[in-house]
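Novice: Here it is, the structure in full.
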Amino acid sequence: MTPFDTHKGKVLPLDRSNVDTDAIIPKQYMKSIRKTGYGDFLFDAWRYKDVGELGMNCALRAKNMDFPINMERFKDASILLVRRNFGCGSSREHAAWALKDAGFRVIIGESFADIFYGNAIKNGILPIMLPADVIEMLFEEANSAVGLHARVDLASRALAVSSGQSWSFEISDDVRERLLKGLDDVGISLQWIDDIIDFEAKQREREPWLYS
Amino acid sequence: MLSNPTTAIAPPQTLLQKLWNRRVVKNLSEDEDLLYIDRHLIYEVTSPQAFEGLRSSGRRVWRPDSVLATVDHNVPTMRHERKSVSDIPDRLAQEQVRTLIENVQEHGIKFHGLGDSRQGIVHVIGPELGWTLPGTTIVAGDSHTSTHGAFGTLAFGVGTSDVEHVLATQCLVVKQMRTLRVMINGRLPEHVVAKDLALFVIKAIGSAGGVGHAIEFAGEAVAALSMEGRMTLCNMAIEAGARVGLVGVDETTLEYVKQRAGDKVLNHWLEASADWKTLHSDSGAQFDREVVIEAKDVPPMVTWGTSPDMAVPANGTIPKPEDLPDEQQRRALEQSLAYMGLEPGTRLVDVAVDKVFIGSCTNSRIEDLRLAARQIQGRSVSKSLKQAIVVPGSGLVKQQAEREGLHLMFMEAGFEWREPGCSMCLGMNNDRLNPGERCASTSNRNFEGRQGAGGRSHLVSPSMAVAAAIHGRFVDVREDYPNDAV
C-alpha cells in the first residue's frame, strides 16, 4: 500500500452529509477492470453537466462551475473536507481509487462509513474525524476568500491549519502503523501462515461439513 | 470449543461474540483479529483487480473450494441479450464477464454463468443453493453481503483489496465491532412486511446509526419472519451504516437450511444442527446499544429522499425543513427534495411514478414475488406508467415462480418478466431510469443517480411497488388490498 507520513495541501470543501460511493464514482465506471483511470470521473454527476462514460475526454465536457472541484481557487487541492457519514453505501473500492487518482490524500469529516474507511486506508488516503463544531469552523475558513491549507502529521496524530489552529485526531495504533509503513496487508497475514493452516486442521475436525 | 450448557459458567455471550470467537485465527491487538473466512462470493465487477493483484504478486487462491462465482451486476436481463457472452450488447460488460470466466477457470473456482439456472444475484444464490450456512464467515466485494447474517452467519461486504486478501490467505484483518440489538416486540400488522420494518428501523437509527456496529435483529416480530423476510432485514443493515446484520438461529433457519443442504451437511446433520442451535445471544448478554421498536407501530413505508433513512409511512407527507432539529438535516432535506423534484408537505399518495422495479438482493426471492403477485389479483399496470419490470433474483427463483404461474400474473397485468440479475437496482446494465424519471423500487438505495443518472428512486416493499404500478402513483396498501385476496 502507499505509505503515508506527513501531508501538506489545500483544502477543498464539499458541503454535504451522506456522500455515498455512487456519488463519488458512478456505476458506469465500475465496468473498468483496472485500478486507475478514475480521477477525472470523481463526483462525476455533480461535476459535469452531461452523463459520462468510460473513455470520455473529460476536458471537452461541460462543467458545473458551481461545484468546488471546478473552481480555480480549489485547483490542486489534496485535502477534502466533508460532513458526516462520508463514503456510505456500496463497498466499491473504485471510490478510493478515484479520490487517489484525483490527488486527494486526506479527507477530514465528522464521520466515515466503515467499508469506505478501510478502503481509503488501503489506498494511502487518511480519513480524519473531528467534532462537528471544528468541521463547521473549517468549512467557514475553507470557503473564505483566503481559503485554507492544512498540514497533517500522522506519527503525532496532528492536524494544523493555515489559520493557526491545530488539533490531534484519533486513529487506531494498528491502522496508523500500517499507513506509516505502507505495509502490504496480504503480506502481514501470510506471516501467520502456520496459524492459518493449524486453524483449518482444527476446523476440519470440529466442523467437517464445511469441507468438501 | 462448544460448551456444555449444564456445566458452563461462562458469562452470557452475544451472537456476534460467538460467531467471531469461533473464527479467530490470531488475536493481533486490542482492536484487531485475524479472522478465518469460510466462504467467499465473487462476481464480475469487483473481482478483476483482485485477480490481477494475485497475478502480479505471484500468489494463488488459497482455497478455491471456498469461493462461489456468478455474474449479476452488469448482465442484461433480456433473454436475447444473454444467450451467450458475445450477445451482451455492452462491450465493457462483456469484457468483465469474460475476465471473470478466465479467472475462475485459471483458479478452479465453481461458477454459475449465463444460461445456468443457478446464476443469479450473489446474495440470492448463496442461501438458496445451501451454500450459506450458520456459524460461518462469509464475505463478498459487495456491501449487501450483510444479507447472509439472517442465517446466524457473520457476513460482511469488503473492498477489492480485501477480496484479493481473502483469495490469497483465506483470512482478513478485522477490527472488532460493537453490538447494537434492535428488539422488535410484538407482531407486524397486516400488510406490513420485512421491507417496511427495515425502512422503519433505518429511519429510527439513521443512515449512520449503525456505523462500527453489528446489528442483531431480535424479538417476536423477527422470530415470526420467514428466512426471506430475515434476509430482507439483514440486507438493509448496511443502509443504517452497519456492515453486519444478524438474526439468531432457530427452527425456521434449520428448516430452510435442511431443505437446501448438500450431502456433506446432511451426512453431519445432527452434529451440525446441534452446533448451530447454540448460535443466538444468551439471555443476559450485554449489548453496547439497544433500540426497542413496537411492531404494531410499523406502517407500510416509502422513502421520499436520497438517503434510505428519509422515509415516511405510505399515508404520510414529506417533512418540512422547520420540522427538522438541525441545520445539516435541513440542508440535506433541501438538497434531496431539489433532486427528487418534490415539495415539502406533499402527501406521498399524490406522487406519480414513471417506472416500477421489482427485484434486487433485497426483494427478489420467491416470497417477494408471491407477495407482489397477490397484490395484482387480476388488475393491470396503469397506462400512465412507462415501464414495470420484475427481475427474479436467480434462475431458480424464476423457475419456481413460473411453476406457480406467477409470471403469467405479472405479464397479464403489464409487467415485463426478465432474466435474473441486479438490474435496475444499480443500473449497470440497460435497465435504468432516465433523467427525471420517478421509480417505485423494491431495491435498497435511493441515492442520487443510483438507478440511472438523474433518476428518482423511492424504496418500497413488493406489495407497495405493485400498488404503485396499478395506480400510477403511491397508495397505501392497507387501503388498496384486493377484496378477493386472503
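Novice: Take the range A:159-212 and flag every residue that is charged (D, E, K, R) and in contact with a His (Cβ under 8 Å, 6 or more places away or on another chain). If you could, list the steps in order and put the result at the bottom.
Specialist: As a first pass, look at the range A:159-212 and keep what is charged (D, E, K, R): A:170, A:173-174, A:176-178, A:181, A:184-185, A:194-195, A:198, A:200, A:202, A:204-207.
Residue satisfying the conditions is A:D185 alone.
Novice: Here's something else I'd like to know. Looking at B:G159, B:G149, can you tell me which residue is among the small types (G, A, S) and either at the interface with chain A (Cβ under 10 Å from one of its Cβ atoms) or more than 22 Å from B:V124 (Cβ to Cβ) (or both)? Can you show your working first?
Specialist: Working: B:G149 fails: either at the interface with chain A (Cβ under 10 Å from one of its Cβ atoms) or more than 22 Å from B:V124 (Cβ to Cβ) (or both).
Just a single option satisfies the conditions, and that option is B:G159.
Novice: Give the number of residues within the range A:132-151 that are small (G, A, S) and under 16 Å from A:S168 (Cα atoms). Walk me through it before giving the result.
Specialist: Of the residues in the range A:132-151, the ones small (G, A, S) are A:132, A:142, A:144-145, A:147, A:150.
Next, only the ones that are under 16 Å from A:S168 (Cα atoms) stay: A:132, A:150.
Looking only at that region, the number is 2.
Novice: Considering only the range B:282-298, I want to know if a residue exists there that is under 19 Å from B:F447 (Cβ atoms) and either surrounded by fewer than 21 Cβ atoms within 10 Å (Cβ to Cβ) or not polar (S, T, N, Q) (or both). Show your work before the answer.
Specialist: Let us first name the residues in the range B:282-298 that are under 19 Å from B:F447 (Cβ atoms), namely none.
Within the range B:282-298 (the criterion being under 19 Å from B:F447 (Cβ atoms) and either surrounded by fewer than 21 Cβ atoms within 10 Å (Cβ to Cβ) or not polar (S, T, N, Q) (or both)), the answer is no, since none of the residues qualifies.
For every residue, the table says whether it meets (1) within 26 Å of B:P89 (Cα to Cα); (2) touching a helix residue (DSSP H, G or I) at 6+ places or on another chain (Cβ under 7 Å); (3) part of a helix (DSSP H, G or I); (4) of a type in the set (A, V, I, L, M, F, W, C).
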{"residue": "B:M411", "(1), (2), (3), (4)": "yes, no, yes, yes"}
{"residue": "B:G421", "(1), (2), (3), (4)": "yes, no, no, no"}
{"residue": "B:M424", "(1), (2), (3), (4)": "yes, no, yes, yes"}
{"residue": "B:N429", "(1), (2), (3), (4)": "yes, yes, no, no"}
{"residue": "B:A440", "(1), (2), (3), (4)": "no, yes, no, yes"}
{"residue": "B:S443", "(1), (2), (3), (4)": "yes, yes, no, no"}
{"residue": "B:F447", "(1), (2), (3), (4)": "no, yes, no, yes"}
{"residue": "B:A468", "(1), (2), (3), (4)": "no, no, yes, yes"}
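Novice: Something else now. Among all residue pairs at least 6 apart or on different chains, which show Cβ distances below 6 Å where the first residue, located in the range B:107-121, is touching a residue at least 24 places away in the same chain (Cβ under 8 Å) and the second is aliphatic (A, V, I, L, M) and in a strand (DSSP E or B)?
Specialist: From residues that are touching a residue at least 24 places away in the same chain (Cβ under 8 Å), the pairs are B:I109/B:V67; B:I109/B:A69; B:K110/B:L68; B:F111/B:A69.
Novice: For a quick check of your reading: which strands (runs of 3 or more DSSP E) sit entirely within the range B:120-182 and have at least 1 residues that are aromatic (F, W, Y)?
Specialist: Working: elements: B:137-140, B:154-157, B:171-175.
Strands (runs of 3 or more DSSP E) meeting the threshold: B:154-157.
Novice: Scan the range A:2-31 for residues that are within 9 Å of chain B (Cβ to nearest Cβ), at negative phi and either among the aliphatic types (A, V, I, L, M) or in contact (Cβ under 8 Å) with a residue 60 or more places away in the chain (or both) and jot them down. It would help to see each step written out before you state the result.
Specialist: Just the residues of the range A:2-31 that are within 9 Å of chain B (Cβ to nearest Cβ), to begin with: A:15-18, A:20-23, A:26-28, A:30-31.
So of that shortlist, the ones also at negative phi come out as A:15-17, A:20-23, A:26-28, A:30-31.
Hits for the range A:2-31 are A:D15, A:R16, A:S17, A:D20, A:T21, A:D22, A:A23, A:M30.
Novice: Sticking with this structure for a sec: Being under 21 Å from the mean Cα position of the chain (by Cα) and either within 17 Å of B:V124 (Cβ to Cβ) or more than 14 Å from chain A (Cβ to nearest Cβ) (or both) narrows it down to one of B:V460, B:V381, so name that one.
Specialist: Details: B:V381 fails: under 21 Å from the mean Cα position of the chain (by Cα).
Matching residue, one of B:V460, B:V381: B:V460.
Novice: I'd like to check something: does the range B:289-299 contain any residue that is closer than 30 Å to B:A413 by Cα and not β-branched (V, I, T)? Before you say what the answer is, go through the steps one by one.
Specialist: Pass one, the range B:289-299, residues closer than 30 Å to B:A413 by Cα: B:298-299.
Retained after the next criterion (residues that are not β-branched (V, I, T)): B:299.
Scanning the range B:289-299 turns up at least one residue that is closer than 30 Å to B:A413 by Cα and not β-branched (V, I, T).
Novice: Something else: Within the range B:183-216, which residues are more than 14 Å from every other protein chain (Cβ to nearest Cβ), in contact with a Leu (Cβ under 9 Å, 6 or more places away or on another chain) and assigned to a strand (DSSP E or B)? Don't jump to the end; show me each part of the working.
Specialist: Let us first name the residues in the range B:183-216 that are more than 14 Å from every other protein chain (Cβ to nearest Cβ), namely B:183-201, B:204, B:216.
Now narrow it down to the ones that are in contact with a Leu (Cβ under 9 Å, 6 or more places away or on another chain): B:184, B:188, B:193-199, B:201, B:216.
Residues satisfying the conditions are B:I184, B:E216.
Novice: Scanning for something within 10 Å of another protein chain (Cβ to nearest Cβ) and touching a residue at least 12 places away in the same chain (Cβ under 8 Å), does the range A:68-83 turn up at least one residue? Let's see the steps before the verdict.
Specialist: Going residue by residue through the range A:68-83, those that are within 10 Å of another protein chain (Cβ to nearest Cβ) are A:83.
Going one step further and asking which of them are touching a residue at least 12 places away in the same chain (Cβ under 8 Å), we end up with A:83.
The answer is yes, given that some residue of the range A:68-83 is within 10 Å of another protein chain (Cβ to nearest Cβ) and touching a residue at least 12 places away in the same chain (Cβ under 8 Å).
Novice: Something else about it: Consider B:A274 carefully, then state whether it is modelled with pLDDT of 95 or more, small (G, A, S) and buried (at least 24 other Cβ atoms within 10 Å of the Cβ). Outline the logic, then answer.
Specialist: Numbers: modelled with pLDDT of 95 or more: yes; small (G, A, S): yes; buried (at least 24 other Cβ atoms within 10 Å of the Cβ): no.
Spelling it out, it is not the case that B:A274 is modelled with pLDDT of 95 or more, small (G, A, S) and buried (at least 24 other Cβ atoms within 10 Å of the Cβ).
Novice: Picking from B:G405, B:G427, B:G454, B:G436, which residue would you name as being surrounded by fewer than 21 Cβ atoms within 10 Å (Cβ to Cβ), in contact with a Leu (Cβ under 8 Å, 6 or more places away or on another chain) and at pLDDT 95 or above? Before you say what the answer is, go through the steps one by one.
Specialist: Details: B:G405 fails: in contact with a Leu (Cβ under 8 Å, 6 or more places away or on another chain); B:G427 fails: surrounded by fewer than 21 Cβ atoms within 10 Å (Cβ to Cβ); B:G436 fails: in contact with a Leu (Cβ under 8 Å, 6 or more places away or on another chain).
Matching residue, one of B:G405, B:G427, B:G454, B:G436: B:G454.
Novice: What tally of residues in the range B:73-100 results from selecting those that are touching a strand residue (DSSP E or B) at 6+ places or on another chain (Cβ under 8 Å) and within 13 Å of another protein chain (Cβ to nearest Cβ)?
Specialist: Step one: of the range B:73-100, the residues touching a strand residue (DSSP E or B) at 6+ places or on another chain (Cβ under 8 Å) are B:77, B:100.
So of that shortlist, the ones also within 13 Å of another protein chain (Cβ to nearest Cβ) come out as B:100.
Within the range B:73-100, residues that are touching a strand residue (DSSP E or B) at 6+ places or on another chain (Cβ under 8 Å) and within 13 Å of another protein chain (Cβ to nearest Cβ) number 1.
Novice: Follow-up question, since we're still on this one. Take the range A:176-212 and flag every residue that is of a type in the set (V, I, T) and at pLDDT below 95.
Specialist: Those that are of a type in the set (V, I, T) and at pLDDT below 95: A:V186, A:I188.
The values are calculated or read from the model by the stated rules, or taken from the named source; none is laboratory data. As the structure is a prediction and not an experimental result, all values here were calculated from the model. Don't worry about glycine lacking a Cβ; one is built from the backbone with ideal geometry, like all the others, and counts go over all protein chains shown.
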